[in-house]
Amino acid sequence: MDPKHRWLTAIWPRVRPWLPPPPATVLELGCGSLGGFVPALRADGYEAIGADPHAPDGPEYRRVEFERAELPSDADAVVASLSLHHVADPGEVLDRVAGVLRPEGRVVVVEWDWESFDEPTARWGFDRLDHATEDRGWLHGAHERWVASGQPWERYLRDWATGHGLHGAGTLLAALDQRFEPEVSERGAYLFPELPGATEDDERRAIEAGLIRAVRVDYVGRLRAAR
Ligand SMILES: C[S@@+](CC[C@H](N)C(=O)[O-])C[C@H]1O[C@@H](n2cnc3c(N)ncnc32)[C@H](O)[C@@H]1O
């Protein structure tokens, strides 16, 4: 299995418990070219729609930004995995998320906190990459670009992230908290799907030992009553 499929397979069990039982309408913000969780949602009996300019072909996808997509306005849940840090305007996108949810609806977000991705954490991951594999994920790319840059890690990462217009987790969590009442806001292991030789438990143990940072962010929230 390649790293993108490993990510989706590892994260789906984190998302699934926060959804109402099927049938229910679940929208995915930034489902990606693999369709994200949409295939798993539909297999479980959900009415699922994924919106992403790079979505696959098919009636269950909208190949456009979430904030511009034609979507039902009474969704039971919106899920977003690693997409919010890419959007142009988080406030605009989260207003649209709030607008498509029914009053009891939930947002389920999985993100990464690139601002906490310090050198020990990066090196822990780089040391566990399989450099011989053909299934090269984003961590391989980060390693190659960093080495080629000749820069200290922190400077390389900040230049790369800001150059790509990526939002930090602090910005995203503040924007989420303005619109949603958090039920979950916690950190977890993020690198292991990129590392065939390391498990989530390996990464969790390194986090608990204080060797590396927990750079995955899990957030679940309900619409604030006042909105
Ligand atoms: C890193 S990929 C994540 C894909 C998938 N959700 C996953 O977890 O593997 C980020 C995706 O967000 C999409 N994206 C960025 N801005 C978006 C927006 N405003 N609306 C919908 N998708 C967006 C990108 O096209 C890209 O496919």
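Observations, loosely collected:
- Residues located in segment 16-37, provided they are under 13 Å from residue 83 (Cβ atoms) and more than 10 Å from the ligand (Cβ to nearest atom): 27
- Residue match in segment 120-132 (condition: in a helix (DSSP H, G or I) and over 19 Å from residue 205 (Cβ atoms)): no
- Filtered residues of segment 133-153 (kept if over 14 Å from residue 193 (Cα atoms), of a type outside the set (Lys, Arg) and not in a loop (DSSP other than H, G, I, E, B)): 141, 142, 143, 144, 146, 147, 148, 149, 153
- Residues that are more than 9 Å from the ligand (Cβ to nearest atom) and surrounded by 21 or more Cβ atoms within 10 Å (Cβ to Cβ), drawn from segment 53-65: 61
- Any hit, segment 66-89, residues being assigned to a loop (DSSP other than H, G, I, E, B), at pLDDT 95 or above, near the ligand (Cβ under 9 Å from one of its atoms) and more than 27 Å from residue 140 (Cα to Cα): yes
- For segment 156-175, the criterion of being modelled with pLDDT of 95 or more, over 23 Å from residue 5 (Cβ atoms), hydroxyl-bearing (Ser, Thr, Tyr) and crowded, with 16+ Cβ neighbours inside 10 Å is met by at least one residue.
- Every residue from segment 13-38 that is surrounded by fewer than 18 Cβ atoms within 10 Å (Cβ to Cβ) and in a helix (DSSP H, G or I): 13, 14, 16, 17, 18
The values are calculated or read from the model by the stated rules, or taken from the named source; none is laboratory data. For clarity, every value in this text was computed on a predicted model and none was experimentally measured. For neighbour counting, all protein chains shown are included, and Cβ atoms are generated from backbone atoms with ideal geometry for every residue, glycine included.
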